[in-house]
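Below: the structure, in structure tokens.
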Number of protein chains: 2
Amino acid sequence: MDNYEFGKSITFQNLNPHIIKLEYAIRGSLFHRLMEIEKELKDGVQMPFTNLIKANIGDGQSIGQKPISFIRQVLACVSYPNLLKTEYFPQDVKERAADILNGCDGNSVGSYTTSLGIDAVRQSVATYIEKRDSCKADWNNICLTPGASAAIKSCLKLFINNTNGQKTGVMLPVPQYPLYSATLAEYGLTQVEYYLDESKNWALTLEELERSHKEASKSCKIRVLVVINPGNPTGQVLTRENIEDVIKFAYKHSLFIFADEVYQQNIYEGIFYSFKKVLSEQKAPLNQVELVSFMSMSKGYMGECGFRGGWLEIVNMDPEVLNNLYKSISARHCPNTLGQAVVYCVVRPPVEGEPSYKLYAKEKADLMKSFATRAKMVEKMFNDMEGVSCNVVQGALYAFPRIEIPPKAIEAAKNVGQKPDEFYVLRLLEETGICMVPGSGFGQVPGTYHIRTTILPQLDLLKEMVDMLKKFHKKFIEEYSSD
Amino acid sequence: MDNYEFGKSITFQNLNPHIIKLEYAIRGSLFHRLMEIEKELKDGVQMPFTNLIKANIGDGQSIGQKPISFIRQVLACVSYPNLLKTEYFPQDVKERAADILNGCDGNSVGSYTTSLGIDAVRQSVATYIEKRDSCKADWNNICLTPGASAAIKSCLKLFINNTNGQKTGVMLPVPQYPLYSATLAEYGLTQVEYYLDESKNWALTLEELERSHKEASKSCKIRVLVVINPGNPTGQVLTRENIEDVIKFAYKHSLFIFADEVYQQNIYEGIFYSFKKVLSEQKAPLNQVELVSFMSMSKGYMGECGFRGGWLEIVNMDPEVLNNLYKSISARHCPNTLGQAVVYCVVRPPVEGEPSYKLYAKEKADLMKSFATRAKMVEKMFNDMEGVSCNVVQGALYAFPRIEIPPKAIEAAKNVGQKPDEFYVLRLLEETGICMVPGSGFGQVPGTYHIRTTILPQLDLLKEMVDMLKKFHKKFIEEYSSD
């Protein structure tokens, strides 16, 4: 063994090349700098600010949003069922907890559930969807998932197929949520971009879909169309007509629609129509279009990011393909039970007459009102700034304003190897402690620059953020506009 | 559009072929039949039995195992922190809960954590490992995971690389836990099998490793060696010498060792040595071998399957590769926070002098004693049966006895399109309600037949199972041995 030269099994040279390509803006270089600063602040390093304002992640509870009491009380009870014997919690909390425990083998959330989730919870999701859409939902087509990201990956995975020698294309909006581009990179699927029209409040137009499809069809077989509604990072809410157009387009080109509807409860203007509802109301053969819709417990009014709960609903999928999807999901055992419990609470909230109803309704209404206020405030802040324009935040938790970056700043960014919008947000972070994400992480029309902010800082903090950002921006523009 | 013929975007014909190939025995056809029977029993259908005995899955709490009170009390407190203000829970429970909440942004388990898990929990895991192994552990090389399965998949994914035109091989024991074969199928990695020696209590021999490696090296580049210790489904515990041999073998062939050590706390005979410990105690250059070790909260004395908690520890991985692993993990946000909280409780259990210590120690000791009793009982049961032989269950939660299946039964199985051991366990299920998994799901020497049972039914139920299984087996053998 003495003459043997040891070599590592894995190095950058023979690592999965798709993993190398994968980029994930939300948790990218900016995020790492944020974590460093957080540590430095804790260690007492002097900074121009004493607190960070994390407007970079759609995670309300991380910056002061209170969880809904009802949900958390149910979770406490299923975790430690002895609490059911006490007088500490209201009766409806205990009943929901008992429902969940009854759905678990051995009456314990410590057991695996089936890989698709607890039957009773899936059935309740179906009932919830039926009420939402006024149309039938089959619980066998609904499966609980550990958040939406894992669910989206499970479904995109089905389309990896290079056996016919033609690459598989997936249509993504630009701007998009970077989980999609990251997953396509990982799976070797081809990203086919269609642009949302910023000048029309981030509209999704049929013309642009056709243009994009036609162009990309020369080099790949397009099989999937991703639509994010309400939009992330763009905050628009699609009209019913718009959704009908998309369905016709998908029908015409035999595309599977991935409807990312995780912000369906975050609506401040307009009305949310689910793709499922609009699809069901089409006449044959349009109603045969294949669809999967994704929902998450991380957003909405509950904002339970840490519990990793969600669901997907499948419509019109070939039954053999569905079996294979379910089979592939089963290798991971099951979504965590407490995430499933959150789902149950969301689809079976307290109703009028139940003891928890009043508090639940108040907490939810206050939160929704506050979201709407903050959405307006953020939009106004940006539109008040020189060289910045921001569309209406109709839904979701974000604004995605366009920022004119002076040529000198673009040059300065280039000199330090950064993209102009990355340069802007890094300066913003270093000088004010405000953390936002550069538009380049989501995609944007070349030559335009954006930043994404959440609307999640609590009202007082948001007011502070508005002042600081305005000052920073003014100074930044002045600095790079001087001769 | 009238003349247009609508085609589905995805059918069996253009579905990801790797997903089609994927098989997952634990949740396969037997599992589906089990679910049907469960439903039929509930609906009042007459069966030869009134209760199922689910000895098919390593999930103690699903069949009567009580969770550890301390763990569940902490989970209740982090879920609903108002409980911290009550007198209901002991002080050490509240302190652990406060530690976890302090590690969460916004002091809430509803926030995302970093994708690698809460720093304080990772640090505590490092301290736990240092105590376990009497050697240094770096928390930067430890990452929390939603169970071991997801972690194993994340790491295997790194080795997908067809750019050099040579397939990547992964050495798996036979028998093995089918997550591995399923994942290799999904990722298009080549399965290189080495047999455990049943005649030597499922020993892992150097000769067999070399034979397997030599043979398969003709057709692929082998880069990973998977070792499951304690063994699943085989229940053996590797000796220190054995582990040293494996390390030398890995060194010689530049293999990355995947040490599946999820049963490290389930030891009834022998001593558990972690690969990390033995590796650290080797001299250079042997101590440079690349290693990842996996741990799960689903097994051990806690058996918290439903919470999907676990960790992995990386040793000697190229730093650039580690960055890429961490990057690829980040696209899924974070392991669920309550799974992380379970990890914290397991690595920071109550210590002597703390108020929860006595109850915790008793619950744990009772359970470990009961596991040992049941392991012996299961082993004896099988060795008492005609044509059945079973190795000592030294660890883990399973026995994997070899069963002589009469030629006539093999013929009968063939006639109904089943494998002989599948035929046996399906008959067993239909006639007795006992559910075990056929050896063919794990792999076995061709021409031999096995079944895997857990040792998890509670003592009274296990006694019942022993009687029923013995009777069934006698009848089965008689039926197929008669002229």
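The values are calculated or read from the model by the stated rules, or taken from the named source; none is laboratory data. This structure is a prediction, so every number in the text was calculated from the model and none was measured. Glycine gets a Cβ as well: all are built from the backbone with ideal geometry, and neighbour counts include every protein chain shown. Accessible surface is based on the protein model in full, side chains and every heavy atom, while ligands, DNA and RNA are left aside. Shrake-Rupley method; radii C 1.70, N 1.55, O 1.52, S 1.80 Å.
At least 2 residues being farther than 25 Å from B:F159 by Cβ is the threshold, and among the strands (runs of 3 or more DSSP E) wholly inside region B:234-327 not one reaches it.
Pick from region B:105-126 the residues that are under 17 Å from A:K299 (Cα atoms) and in contact with a Gly (Cβ under 8 Å, 6 or more places away or on another chain): which of them is most open to solvent (accessible area, probe 1.4 Å)? Write out each step before concluding.
First pass over region B:105-126, keeping only residues under 17 Å from A:K299 (Cα atoms): B:105-106, B:108-113.
Those left that are additionally in contact with a Gly (Cβ under 8 Å, 6 or more places away or on another chain): B:106, B:108-113.
Numbers: B:G106: 48, B:S108: 11, B:V109: 0, B:G110: 0, B:S111: 1, B:Y112: 14, B:T113: 12 Å².
Among those residues, the one meeting the criterion is B:G106.
The C-beta contact set for region B:42-54 (first residue open to solvent by 40 Å² or more (accessible area, probe 1.4 Å), second residue at pLDDT 90 or above and not in a loop (DSSP other than H, G, I, E, B), distance under 6 angstrom, 6+ apart or interchain) comprises B:P48/B:E431. Scan region A:51-59 and give yes if some residue there is at pLDDT 85 or above and assigned to a helix (DSSP H, G or I), otherwise no. Checked against the condition, which is being at pLDDT 85 or above and assigned to a helix (DSSP H, G or I), region A:51-59 yields no hits at all. Just one residue in the set A:L144, A:L83 is facing chain B (nearest Cβ under 9 Å) and at pLDDT 95 or above; that residue is A:L83.
Yes or no, residue by residue, for (1) more than 7 Å from every other protein chain (Cβ to nearest Cβ); (2) in contact with a Lys or Arg (Cβ under 9 Å, 6 or more places away or on another chain); (3) of a type in the set (K, R):
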| residue | (1), (2), (3) |
| --- | --- |
| B:K21 | yes, no, yes |
| B:A55 | yes, yes, no |
| B:A98 | yes, no, no |
| B:N102 | yes, no, no |
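When A:N391 is tested against (1) within 22 Å of A:Q91 (Cα to Cα); (2) buried (at least 18 other Cβ atoms within 10 Å of the Cβ), exactly one condition is not met: (1).
Okay, residues lined up against (1) surrounded by 20 or more Cβ atoms within 10 Å (Cβ to Cβ); (2) among the β-branched types (V, I, T); (3) within 7 Å of chain B (Cβ to nearest Cβ):
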{"residue": "A:F294", "(1), (2), (3)": "yes, no, no"}
{"residue": "A:S298", "(1), (2), (3)": "yes, no, no"}
{"residue": "A:G306", "(1), (2), (3)": "yes, no, yes"}
{"residue": "A:D318", "(1), (2), (3)": "no, no, yes"}
{"residue": "A:S328", "(1), (2), (3)": "yes, no, yes"}
{"residue": "A:V346", "(1), (2), (3)": "yes, yes, no"}
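Here is the figure for region A:330-344: residues that are within 7 Å of chain B (Cβ to nearest Cβ) and not in a loop (DSSP other than H, G, I, E, B) total 4. Considered as a group, the residues in region B:243-255 that are open to solvent by less than 30 Å² (accessible area, probe 1.4 Å) and either out of contact with any helix residue (DSSP H, G or I) (no Cβ under 7 Å at 6 or more places or on another chain) or of a type in the set (A, V, I, L, M, F, W, C) (or both) include one that is farthest from the other protein chains (Cβ to nearest Cβ), and that residue is B:I243. Of the residues B:F400, B:F442, the single one that is at pLDDT below 95 and under 20 Å from B:N229 (Cα atoms) is B:F442. Is region B:416-429 home to any residue that is over 25 Å from B:G235 (Cα atoms), outside any helix (DSSP H, G or I) and open to solvent by less than 60 Å² (accessible area, probe 1.4 Å)? Yes - at least one qualifying residue is present in region B:416-429.
Quick check: anything in region B:431-439 within 20 Å of B:I37 (Cβ to Cβ), surrounded by 19 or more Cβ atoms within 10 Å (Cβ to Cβ) and without any contact (Cβ under 8 Å) to a residue 12 or more places away in the chain? For region B:431-439, residues within 20 Å of B:I37 (Cβ to Cβ), surrounded by 19 or more Cβ atoms within 10 Å (Cβ to Cβ) and without any contact (Cβ under 8 Å) to a residue 12 or more places away in the chain: absent. Given the structure, is B:S356 under 19 Å from the mean Cα position of the chain (by Cα) and within 14 Å of chain A (Cβ to nearest Cβ)? Judged against the criteria, B:S356 is not a match.
Within region B:1-38, the set of residues being modelled with pLDDT of 85 or more, of a type in the set (V, I, T) and closer than 18 Å to B:Q418 by Cβ comprises just one member, B:I37.
So which pairs qualify, if the first residue must be in region A:334-346 and among the polar types (S, T, N, Q), the second must be surrounded by fewer than 24 Cβ atoms within 10 Å (Cβ to Cβ) and at pLDDT below 95, the Cβ gap must be under 9 Å, and the two must be at least 6 apart or on different chains? Partner pairs satisfying both residue conditions: none exist. Annotation: A:V351 fulfils all but one of (1) of a type in the set (V, I, T); (2) open to solvent by 40 Å² or more (accessible area, probe 1.4 Å); (3) more than 30 Å from A:A76 (Cβ to Cβ); the unmet one is (3). Set side by side, the residues A:I20, A:I37, A:I10 differ, and just one is of a type in the set (V, I, T) and either more than 28 Å from A:P233 (Cα to Cα) or not in a helix (DSSP H, G or I) (or both), which is A:I10.
Filter region A:205-237 down to the residues that are open to solvent by 10 Å² or more (accessible area, probe 1.4 Å) and of a type in the set (A, V, I, L, M) and list them by number. Result: A:L206, A:A216, A:I228, A:V237.
Applying the selection to region B:64-104, what residues are open to solvent by 30 Å² or more (accessible area, probe 1.4 Å) and either in a helix (DSSP H, G or I) or among the aliphatic types (A, V, I, L, M) (or both)? Residues satisfying the conditions are B:P81, B:N82, B:L84, B:K85, B:Q91, B:E95, B:A98, B:D99, B:N102.
So, of the residues in region A:182-201 that are touching a residue at least 24 places away in the same chain (Cβ under 8 Å), open to solvent by 10 Å² or more (accessible area, probe 1.4 Å) and out of contact with any strand residue (DSSP E or B) (no Cβ under 6 Å at 6 or more places or on another chain), which turns out to be nearest to A:V392 (Cα to Cα)?
A:N201
Among the residues here, A:S154 does not qualify as assigned to a helix (DSSP H, G or I) and more than 11 Å from every other protein chain (Cβ to nearest Cβ).
Taking region A:263-287 as the range and being touching a Phe, Trp or Tyr at 6+ places or on another chain (Cβ under 6 Å) and within 14 Å of another protein chain (Cβ to nearest Cβ) as the test, the residues that pass are A:P285, A:L286.
Within region B:116-139, is there a residue that is more than 30 Å from B:V437 (Cβ to Cβ), among the hydroxyl-bearing types (S, T, Y), outside any helix (DSSP H, G or I) and within 11 Å of another protein chain (Cβ to nearest Cβ)?
The answer is no; no qualifying residue exists.
Go through region A:364-414 and give me each residue that's in a helix (DSSP H, G or I), in contact (Cβ under 8 Å) with a residue 24 or more places away in the chain and in contact with a strand residue (DSSP E or B) (Cβ under 8 Å, 6 or more places away or on another chain). A:A375, A:V378, listed by residue number.
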